[in-house]
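Comments concern the structure below.
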Amino acid sequence: MRLILLGAPGAGKGTQANFIKEKFNIPQISTGDMLRAAIKAGTELGLAAKKVMDAGQLVSDDIIIGLVKERLKETDCANGYLFDGFPRTIAQADAMKDSGVTIDYVLEIDVPDDLIVERMSGRRTHPGSGRVYHTKFNPPKVADTDDVTGEALVQRDDDKEETVVKRLTVYHNQTEVLLGYYNKWAQSGLPGAPKYRKITGVGPVEQVRDAAFAALAE
Ligand code: AP5
Ligand code: ZN
């Protein structure tokens, strides 16, 4: 299974990625998680990326494309892969196509903007694994603690309301165009074209998971 998850910030890409990667036994390639790991490690790239991320803007295409290429080289892709948060611009999508990274499915998770801020403000993440919780919608078994490791959960620096609003604007201006890009490619019938599936991300997490699994079985 080789797929891309598309959707606005807070649509639930990370949440659903955790279910999908387990079901298909595939690696999750999340450029957001990779950048946050670089910030935590204090690398030069991390320091530069942090400023951009905290401003709600996109990190440059060159940096992101380089990171993904490196990651693919060192990852076991025997069963496929799941991209979460990449590609995010036409340049990234073209680079992916040109380097021969094939895709079976593009899965769009659709959530209206007015639900996003509440999702972000309650989000808590486990930095080590990328597992995602929500204080109200998807609470951990013990408050502020990861279910699997028992380690502390953290709040993301870019989940402040003004940054979330900025990220949504950037999504509509730079990333949403990819919905049409992949839809058109899927409909072209050309060899190697992916299948395009759209599900609603509104509803309980398990209901969205079941819709995602059903979409990926068609
Ligand atoms: P990234 O980490 O990719 O963030 P994002 O795309 O903005 O998406 P999020 O991680 O915020 O949301 P999500 O869809 O994963 O939702 P989640 O499952 O967590 O990128 C961060 C930054 O890095 C970017 O702004 C940019 O600067 C940079 N970057 C990353 N990739 C880049 C690239 N390719 N190019 C350039 N720059 C890049 O869910 C959100 C919350 O909602 C959680 O609390 C969750 O528990 C809850 N929730 C999930 N599902 C439901 C549900 N069904 N009902 C109720 N609540 C739910
Ligand atoms: Zn995410």
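Tell me what the chain gives for mean residue ellipticity at 222 nm when only DSSP H runs of n ≥ 4 count, each as -39,500 (n - 2.57), the sum divided by the residue total, rounded to 500 deg cm²/dmol.
For the chain, the value works out to -13000 deg cm²/dmol.
Is the shape of the range 127-194 best called rounded, prolate or oblate, per the rule: a/c under 1.5 gives rounded, else a/b larger than b/c gives prolate, else oblate, with a ≥ b ≥ c the square roots of the Cα gyration tensor eigenvalues?
It comes out oblate by the Cα gyration axes.
Counting Lys and Arg as +1 and Asp and Glu as -1, what is the net charge of the other residues whose Cβ lies under 15 Å from the Cβ of Pro139?
Combined, the nearby Lys, Arg, Asp and Glu give +1.
Name the shape class, rounded, prolate or oblate, that the alpha-carbon gyration tensor gives for the range 15-108, where a ≥ b ≥ c are the square roots of its eigenvalues, rounded holds for a/c under 1.5, and otherwise prolate holds if a/b is larger than b/c and oblate otherwise.
Prolate, because a/c is 1.5 or more and a/b exceeds b/c.
Would you look at the GNM of the chain, springs on alpha carbons closer than 10 Å, and say which of Val52, Val148, Val165 moves the most?
Between Val52, Val148, Val165, it is Val148 that shows the largest mean-square fluctuation.
Under unit Cβ charges (Lys, Arg +1; Asp, Glu -1), what dipole magnitude, rounded to 20 debye, does the range 59-196 have relative to its Cα centre?
180
Going 7 Å from the Cα of Glu118 in the Cα-to-Cβ direction, what parts of the range 170-212 have a backbone nitrogen less than 13 Å from that spot?
Inside the label zone: 202-204.
Residue by residue through the range 104-120, which ³J(HN,Hα) values in whole Hz follow from phi under the Karplus form 6.51 cos²θ - 1.76 cosθ + 1.60 (θ = phi - 60°), with glycine and proline marked x?
Values, residue by residue: 8, 9, 10, 10, 9, 9, 9, 9, x, 3, 5, 8, 6, 4, 5, 5, 5 Hz.
Expected output is a single nm value to one decimal: the length gained when fully extending between Leu72 and Asn173, i.e. 0.36 nm times separation in residues minus the C-alpha distance. What is it?
That pair, Leu72 and Asn173, stretches by 33.6 nm at full extension.
Note the full-extension length gain between Asp54 and Ala152 as 0.36 nm times their separation in residues minus their Cα-Cα distance, in nm to one decimal.
Residue separation times 0.36 nm, minus the Cα-Cα distance, leaves 33.1 nm.
Among the chymotrypsin sites (Phe, Trp or Tyr not before Pro) in the range 1-108, which ones are in a DSSP loop with at most 10 other Cβ atoms within 10 Å of the Cβ? Mind listing them?
Listed in order of number, the matching sites amount to none.
Just to be sure I understand: of the beta bridges DSSP finds with both ends in the chain, what percent are antiparallel, rounded to 5?
DSSP beta bridges in the chain are roughly 25 percent antiparallel.
Stretched out fully, how many nm does the piece from Asn183 to Ser99 gain, at 0.36 nm a residue minus the Cα gap?
Answer, rounded to one decimal: 28.2 nm.
Name the residue farthest towards the positive end of the dipole of the range 48-146 from the options Asn79, Pro140, Ser60, assuming +1 on Cβ of Lys and Arg, -1 on Cβ of Asp and Glu, about the Cα centre.
Of the candidates, Pro140 comes out farthest on the positive side.
State the answer as a single residue: which of Asn183, Ala214, Gln92 lies farthest towards the positive end of the charge dipole of the chain, with beta carbon charges of +1 for Lys and Arg and -1 for Asp and Glu, about the Cα centre.
Value: Ala214.
Spin-label point model (7 Å from Cα, Cβ direction): what's the Thr43 to Lys141 distance in nm?
3.4
Which chymotrypsin sites (Phe, Trp or Tyr not before Pro) in the range 129-218 sit in a loop by DSSP (not H, G, I, E or B) and have at most 15 other Cβ atoms within 10 Å of their own Cβ?
Phe137
In the structure shown, do any of Lys136/Lys166; Lys73/Lys166; Lys23/Lys198 have a Cα-Cα gap over 30 Å, and if so which?
Lys73/Lys166
Normalised radius of gyration for the chain, please: alpha carbon Rg relative to 2.2 N^0.38 Å, two decimal places.
Cα-based Rg divided by the globular estimate yields 0.97.
Per residue of the range 67-78, in order, report the coupling 6.51 cos²θ - 1.76 cosθ + 1.60 (Karplus, θ = phi - 60°) as ³J(HN,Hα) in whole Hz, putting x for Gly and Pro.
Couplings: 4, 5, 4, 4, 4, 5, 4, 9, 10, 7, 10, 4 Hz.
Every number in this text was worked out from the coordinates using simple rules, so none of it is lab data. Everything numeric here is computed off the predicted structure, so don't read it as measured data. Glycine also receives a Cβ, built like all others from the backbone with ideal geometry; neighbour counts cover every protein chain displayed.
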